[in-house]
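Take this structure first; my questions come after.
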Amino acid sequence: MFMKNINGICLIVLSCCWLAACGLKNRPAASLDDSKEQVVQTGQLSIVQKLKEFDQLPVEERIALYYELKKESPNVYNFKNEDELTMYGYSYLWSNKMDEAIAIFKLIIAEFPNSSNPYDSMGEAYLKIGNRELALVNYEKSLALNPDNFNAEDQIELIRHPEKAREKPADKFAKVFTAQAFKADLDQLGNTLTKVHPNALKFISKEAFWKTIEEKKALITDKTTYGEFAWHCSEIIANVHCSHTGMGSFYVENNMLPPGIKFPIETRLVNDQLFVVDPLNNADKVQVKDEILSINGVAVSKLIQDVYKHIPSQGYIKTTKKHFFNAWSCSMIPYALGFPKAYKIVVKGREVPIVLNGAATIKAPFRDQSIQRCGDYLCLEMLSDGKTAIMTIESFNYYPWNDLPVFINFMDSSFLKINQKGIKNLVIDVRFNGGGSQQSSIHLLRYLVDKPFIYYSNAQFEGKGAKIDGEEVIAPFKNRFKGKCYFMIDGNGNSTTGHFMSLVKVLNLGVIVGEELGSNQFCSAGQKICRLSSTKLEYYVANNTHESTATSLPDEVGILPDHAVTQGIDDYLNKVDVVKAYTLKLIQTRH
């Protein structure tokens with residue numbers, strides 16, 4: 001995942017369809033004439049995709065091509081998508097190709113002279129090459145065009161006063177603001193969420209939403225710390241029930257938490273039971289697989305119920321919350337318990353409570369190592385039976401402005417191999433897949449469907465012009481896979497993965513195995529980064545809507561499997577992939 005602050009916008013590529021406005025060409029076009037079919041399909045083509053076809057040319061020639069196409073074919077290509085051009089520039093910035101990045105940012109400034117974003121980007125580019133003077137000029141222009149661009153404001157302060165130490169998360173944890181300042185920020189948080197998020201009150205009533213804010217304000221005193229305040233904010237944000245709206249995973253809260261306060265045992269929540277999976281420096285007191293019944297007098301069931309209120313997820317999906325908690329339990333437990341200085345636990349089968357040693361080394365987030373990963377985001381494995389293949393897709397995070405061809409080439413070559421080898425059973429593993437572009441999802445679906453389909457029933461975002469990829473009828477590939485498909489899913493599957501699996505479900509493309517998916521056909525996507533006035537707490541709010549054509553499915557729950565299979569604690573400890581084992585056994589019994 002990456003984040004980029006542009007004029008108050010946080011671009012998180014794992015977010016569902018952030019760059020939905022980018023045009024798709026299923027295969028790179030060699031000339032303008034080759035693109036006619038795509039004009040029919042999407043209305044307008046991606047100018048960035050066209051420029052990328054000529055990456056071998058000097059950047060000056062590509063910019064000249066841009067203006068040539070704009071003059072000769074103004075209706076064929078989308079020249080109004082500033083965001084796509086911006087990401088094109090950043091693809092060079094992140095690759096340390098600074099001359100090209102600066103040239104593209106100059107192009108964007110010329111094309112969108114009244115926009116704050118290009119100057120912000122140019123400021124970052126100049127800062128990266130050490131030209132603080134030009135960086136300052138561009139950040140000042142950005143701020144003048146948009147006084148709310150706090151990123152530019154921060155960068156200007158850092159450039160003008162490099163001697164000032166930047167405040168770190170750990171510095172803020174025990175910081176105290178006035179009760180008035182805290183309460184004003186909570187009101188601002190509520191107002192911003194309901195203003196920016198197009199579906200802020202879809203899963204909660206207006207009365208219930210504001211009631212929570214008033215309850216949190218009632219807890220504020222002049223002794224309230226920033227750490228406590230941040231925990232209050234997380235519950236308010238989670239009340240929107242959107243996986244694209246949050247405080248940036250739990251990294252900030254984890255980093256500002258004093259190490260000695262963290263819960264000193266790695267745990268795993270399995271079927272509502274909390275087990276020890278790594279005693280850390282408490283190996284003399286607890287053992288792996290011990291079940292914890294309570295912590296500091298609070299029953300685990302109540303503790304989890306409280307923690308879940310603070311974890312964002314789509315609708316009322318709990319599998320996402322479970323995986324999130326398992327990754328961050330050592331840090332989330334202290335927040336939920338009010339930052340205790342010591343921990344006393346009750347373990348099943350032990351009569352006397354156990355006082356734990358203080359935390360030493362904590363691994364956060366705690367990564368799930370129990371399921372063997374393919375080693376890459378895209379993998380294809382041919383099984384020894386000669387009839388079965390497993391395709392692993394841990395990300396749809398491939399965009400037209402960057403590396404969509406990587407995904408397309410993988411799929412094209414994989415299905416060529418699958419068809420050549422006469423594979424009858426294809427297992428598609430989308431576990432751990434946090435989402436990405438609709439272009440990736442659509443390309444894969446075209447190999448699986450047997451009839452034309454429409455991907456989106458609803459796609460709404462600011463600045464939308466022509467129809468986008470997925471709103472027109474999409475045809476299957478002629479060399480589509482004609483065998484039987486099996487899909488493995490889990491609660492980590494978010495965003496675009498929900499769109500993909502929703503269409504798998506309603507189009508009956510195969511058998512689904514695993515647990516409730518962490519997303520579905522409804523997706524509040526995009527992100528705007530916001531900051532509270534007094535505390536400077538930053539958070540991210542979805543600002544557009546994308547919904548697949550699987551509208552017959554409920555919005556409140558994730559895509560449900562045909563065969564519900566979850567990993568028990570023994571399976572986890574022994575690194576047994578029960579979902580995969582069940583799927584392969586299912587294939588055997590059906591043949």
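Whether any residue in the range 571-584 is modelled with pLDDT under 95 and not charged (D, E, K, R) is what I want to check.
No, the range 571-584 contains no residue that is modelled with pLDDT under 95 and not charged (D, E, K, R).
Next question. Here are Ser313, Ser329, Ser370: which of them is in contact with a strand residue (DSSP E or B) (Cβ under 6 Å, 6 or more places away or on another chain), closer than 30 Å to Val557 by Cα and surrounded by 15 or more Cβ atoms within 10 Å (Cβ to Cβ)?
Exactly one of Ser313, Ser329, Ser370 is in contact with a strand residue (DSSP E or B) (Cβ under 6 Å, 6 or more places away or on another chain), closer than 30 Å to Val557 by Cα and surrounded by 15 or more Cβ atoms within 10 Å (Cβ to Cβ), namely Ser329.
Could you list all residues from the range 102-116 that are in contact with a Leu (Cβ under 9 Å, 6 or more places away or on another chain) and assigned to a helix (DSSP H, G or I)?
If the condition is that a residue be in contact with a Leu (Cβ under 9 Å, 6 or more places away or on another chain) and assigned to a helix (DSSP H, G or I), then Ile102, Ile104, Phe105, Leu107, Ile108, Glu111 are the ones that fit.
Scan the range 488-496 and give yes if some residue there is crowded, with 23+ Cβ neighbours inside 10 Å, among the charged types (D, E, K, R) and in contact with an Asp or Glu (Cβ under 8 Å, 6 or more places away or on another chain), otherwise no.
yes
So which residues in the range 280-316 are of a type in the set (Phe, Trp, Tyr) and without any contact (Cβ under 8 Å) to a residue 40 or more places away in the chain?
Once the filter is applied, which keeps residues that are of a type in the set (Phe, Trp, Tyr) and without any contact (Cβ under 8 Å) to a residue 40 or more places away in the chain, the range 280-316 yields only Tyr308.
Related question: Out of Ala459, Ala466, report the one residue that is small (Gly, Ala, Ser), assigned to a loop (DSSP other than H, G, I, E, B) and assigned by TED's automatic domain parsing to the domain that holds Phe407.
Just one listed residue meets the conditions, Ala466.
Pull out all pairs, ordered by first then second residue, where Cβ-Cβ is under 7 Å, the residues are six or more apart or on different chains, the first lies in the range 200-226 and is modelled with pLDDT of 95 or more, and the second is of a type in the set (Ser, Thr, Tyr) and surrounded by 18 or more Cβ atoms within 10 Å (Cβ to Cβ).
Tyr226/Thr535
Take the conditions of a type in the set (S, T, N, Q) and in a helix (DSSP H, G or I) and apply them to Ser91. Does it pass?
Taking the combined requirement at face value, the residue satisfies it.
Take the range 457-480 and flag every residue that is buried (at least 24 other Cβ atoms within 10 Å of the Cβ) and closer than 24 Å to Leu560 by Cα.
Gly470
Only one of these conditions is not met by Pro147: (1) part of a helix (DSSP H, G or I); (2) surrounded by fewer than 18 Cβ atoms within 10 Å (Cβ to Cβ). Which number is it?
Failed condition: (1).
Filtering the range 394-453 down to residues that are touching a Ser or Thr at 6+ places or on another chain (Cβ under 9 Å) and acidic (Asp, Glu), which residue is nearest to Pro561 (Cα to Cα)?
Per the stated criteria, the residue is Asp429.
Please identify the pairs in which a residue from the range 49-77 that is in a strand (DSSP E or B) has its Cβ atom under 7 Å from the Cβ atom of a residue that is among the aliphatic types (A, V, I, L, M), counting only partners at least 6 apart or on another chain.
Tyr77/Leu45; Tyr77/Ile47; Tyr77/Leu69
Regarding Val352, is this residue outside any loop (DSSP other than H, G, I, E, B), among the hydrophobic types (A, V, I, L, M, F, W, C) and surrounded by fewer than 20 Cβ atoms within 10 Å (Cβ to Cβ)?
no
Okay, next question. Does the range 540-591 hold any residues that are surrounded by 14 or more Cβ atoms within 10 Å (Cβ to Cβ) and among the basic types (Lys, Arg), and which are they?
The answer is Lys580, and nothing else.
Restricting to the range 154-169, and then to whatever is free of Cβ contacts under 8 Å to residues at least 12 places away in the same chain and within 17 Å of Asn138 (Cβ to Cβ), can you tell me which residue is surrounded by the fewest Cβ atoms within 10 Å (Cβ to Cβ)?
Glu157
Out of all the residues in the range 502-537, which are touching a Gly at 6+ places or on another chain (Cβ under 7 Å) and of a type in the set (D, E, K, R)?
Across the range 502-537, the qualifying residues are Glu515, Glu516, Lys528.
Of the numbered conditions (1) assigned to a loop (DSSP other than H, G, I, E, B); (2) closer than 26 Å to Asn543 by Cα, Ala174 fails exactly one; give the number of that condition.
Just one mismatch for Ala174, condition (2).
Of everything in the range 516-539, what is surrounded by fewer than 24 Cβ atoms within 10 Å (Cβ to Cβ) and farther than 30 Å from Asp148 by Cα? Give them in sequence order.
Correct list: Glu516 only.
The values are calculated or read from the model by the stated rules, or taken from the named source; none is laboratory data. Since we're looking at a predicted model, the values are computed, not measured. Positions of Cβ are backbone-derived with ideal geometry, glycine not excepted, and every protein chain shown enters the neighbour counts.
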